[in-house]
Amino acid sequence: MINIILPINKGQRLSDIYTIETNTILCKTLTGLGATYSEIKAERHSIIIELNQPPIVGKCKDPKHKKDNLFGVMQKVTVDDVIAYLEDTIANGKLIKILCTPESFYKVKQAFEYLELNMYTMCFMLLDECHKLVKDNDYREDITLPIDDFFHFDGKAMVSATPIIPSDLRFEEQNFILVEVKPDYDYTKAMNIVHTNNVLEALKVTLPQIQQVQEEPRSICFFINSTDMILQLMNKLNIIEDSVVFCSAKSVDKLKRSGFNRAYDNWNDKHKKPYMFFTSRFYSALDIELDEKPDVAFVTEPYFAEYTMIDPCTDAVQAIGRFRGGVSTIHHIVNTNESYPVRTKSGIVEYLKASREAYMTIKRIYDCTTSLETRNAFKAALDILPFNKMLKNGKIDYFAIDNYMDEALVKSSYNNIDLLMSLYGKTSHFRAEISDSLFYPLGDKERLTLENKNTSIKESRKKLVEILESLKNDMDSPIVQTHIRELRRLDPFIVEAYETVGKEVIEINNYSPKKIKEAMILKRYREKTTGVEFVQLLKNSFQVGKCYTLKYIKAELVRLYKMLDISPKDTVTAQTIREFFQVEEL
């Protein structure tokens, strides 16, 4: 693909140097450069595909587009609504300016067909934030619905500040070119990396540090692609009353069912709070206008949720770009997962090639088989082969392949901090440095092991005892006390057992709950019956050298046991009496 460099000076907008041309992939490099704005203002009919609803809502409400005849086509908009818009637009001699989600594009197509208008020759199609076609392909099957139609347009282009060049052969066949905007000034931003094995504890340290350097209080914006984690962090950091969450409509409902009502599926500054949480739905295209420069923190905890991994080359760049007034500081609090396989681009290509060959081999046998039962067997085998995910309607889905490649490489970089820093080094947007390394005896990995329901209780308790043993020399430390409270929440019995009888007794009893309980009862009994209070009561009830009947001794011991709440206290045997008296058989 031919690459054309387009220099830009500080303060210039895209419309100052360039008009988007057909058959181009525009790498605008800088977010907020005005690519969508320039297409809205262009003197031509336009269909602009926005991959999420928030930017459509935002642009349609924006006063600067009041006269631009914008029409947003989203979930609740019908084909009839689009038809009415087109009829009114044409009747009044206006320009068509449709902003549409991929999932609702069929409504636009049907409206043009109903009015017998050729949208392919009449309109210019712009695919905005085109990196999302690759990034979101694995969980949004319909995100590429407009792609086949895209290639039929006479005028068409794709744009992103962080494009991922697609492998779809049609881009080469139609002679697409890459136009890359190159700023003539330094636009990099400092990125503070906090490497940890316990994200929550690291945030307890990092959050006050961020606030301490603020000259005046300002918002802290978190990007965490897991509402479960967001809810957990808000609660455990004790900031839930000062927090707001911006996420998808489904996640809004989920949070409300959990009792949290300050969750919204569209940005609005009236919902502003000191702590604002955003999921990946708000990583791109949306304009967030604030009267301050907030601090931004990305949080990645791959043990809790793999999808909290962010790609420094796309996700981080796009998220920072949402804040049109800029940001004050940027932080990434991150745990890494050494179990993630380290893969290379060439290795993944080899894997995909072999996967395709395996699929085609089974497919050929399937095509040649005459028996219905045999065909069903081979069809079932085809359906579960890895390459099946790379197909759509029986054809190779190149965006699915690109997604697999991209996701595998990003995941590899979270195997260790050196690989992650190397990935940060590949983007020109950040000067990433490790500002802190915070490691704790109880990490996210250990907690996940303890919470894993597939792990046997005995194995889980073995791990828990190992952790407690590693903490025993620092029991007075506040952080260790926090860890123990967390362990007690996970398994109160084994924590109590460790505190009562210790690791050795637990292991001698082979982690048997019954035997451990007996050992705990016996230990407490011996501690109490050899204590000062019990000895003094014995001396008060019995005089040295005096003889007592067995009946009296039993009754008095039971009374003393009850008085001090000592077990066993209801049954006194000859062995019990020998613990305190010299016994002579008469």
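The values are calculated or read from the model by the stated rules, or taken from the named source; none is laboratory data. If you're wondering where the values come from, they're calculated on a predicted model, not measured in any experiment. Cβ atoms come from the backbone with ideal geometry, glycine included; neighbour counts cover every protein chain shown.
Data table
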read-out	value
Residue within region 36-48 that is small (Gly, Ala, Ser) and surrounded by fewer than 18 Cβ atoms within 10 Å (Cβ to Cβ) present	yes
Test for Phe277: is it part of a strand (DSSP E or B) and either closer than 29 Å to Glu433 by Cβ or touching a Phe, Trp or Tyr at 6+ places or on another chain (Cβ under 9 Å) (or both)	yes
Whichever residue in region 466-479 is modelled with pLDDT of 80 or more and not acidic (Asp, Glu) and, among such residues, is farthest from Lys445 (Cα to Cα)	Lys472
Test: Lys109 is touching a strand residue (DSSP E or B) at 6+ places or on another chain (Cβ under 8 Å) and of a type outside the set (A, V, I, L, M)	no
Residue in region 487-507 that is aromatic (Phe, Trp, Tyr) and either modelled with pLDDT under 85 or assigned to a helix (DSSP H, G or I) (or both) present	yes
2 or more residues touching a strand residue (DSSP E or B) at 6+ places or on another chain (Cβ under 8 Å) and outside the structural domain of Ala319 (by TED's automatic domain parsing): qualifying helices (runs of 4 or more DSSP H) within region 360-468	none
Qualifying residue in region 388-395 (condition: hydrophobic (A, V, I, L, M, F, W, C) and buried (at least 18 other Cβ atoms within 10 Å of the Cβ))	yes
Close pairs (6 angstrom Cβ cut-off, 6 or more residues apart or separate chains): buried (at least 20 other Cβ atoms within 10 Å of the Cβ) in region 9-33, of a type in the set (S, T, N, Q) anywhere	Leu14/Ser38
Residue in region 118-137 that is among the basic types (Lys, Arg) and without any contact (Cβ under 8 Å) to a residue 40 or more places away in the chain present	no
Scope region 76-85; condition assigned to a loop (DSSP other than H, G, I, E, B) and buried (at least 17 other Cβ atoms within 10 Å of the Cβ); matching residues	Val77
Where a residue in region 549-560 is in contact (Cβ under 8 Å) with a residue 24 or more places away in the chain and over 13 Å from Leu538 (Cβ atoms) and its partner, wherever it lies, is surrounded by 12 or more Cβ atoms within 10 Å (Cβ to Cβ) and not polar (S, T, N, Q), with Cβ under 6 Å and at least six apart	none
Out of Lys182, Lys156, sole residue that is part of a strand (DSSP E or B), buried (at least 20 other Cβ atoms within 10 Å of the Cβ) and among the charged types (D, E, K, R)	Lys156
Qualifying residue in region 68-75 (condition: more than 34 Å from the chain's Cα centre (by Cα) and either of a type in the set (Phe, Trp, Tyr) or outside any loop (DSSP other than H, G, I, E, B) (or both))	no
In region 242-268, the residues that are surrounded by fewer than 18 Cβ atoms within 10 Å (Cβ to Cβ) and in a helix (DSSP H, G or I)	Asp242, Ala249, Lys250, Asp253, Lys254, Lys256, Arg257
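For (1) assigned to a helix (DSSP H, G or I); (2) closer than 30 Å to Asp184 by Cα, each residue gets a yes or a no:
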{"residue": "Ser15", "(1), (2)": "yes, yes"}
{"residue": "Glu21", "(1), (2)": "no, yes"}
{"residue": "Leu30", "(1), (2)": "no, yes"}
{"residue": "Glu87", "(1), (2)": "yes, no"}
{"residue": "Ser104", "(1), (2)": "yes, no"}
{"residue": "Val108", "(1), (2)": "yes, no"}
{"residue": "Leu117", "(1), (2)": "no, no"}
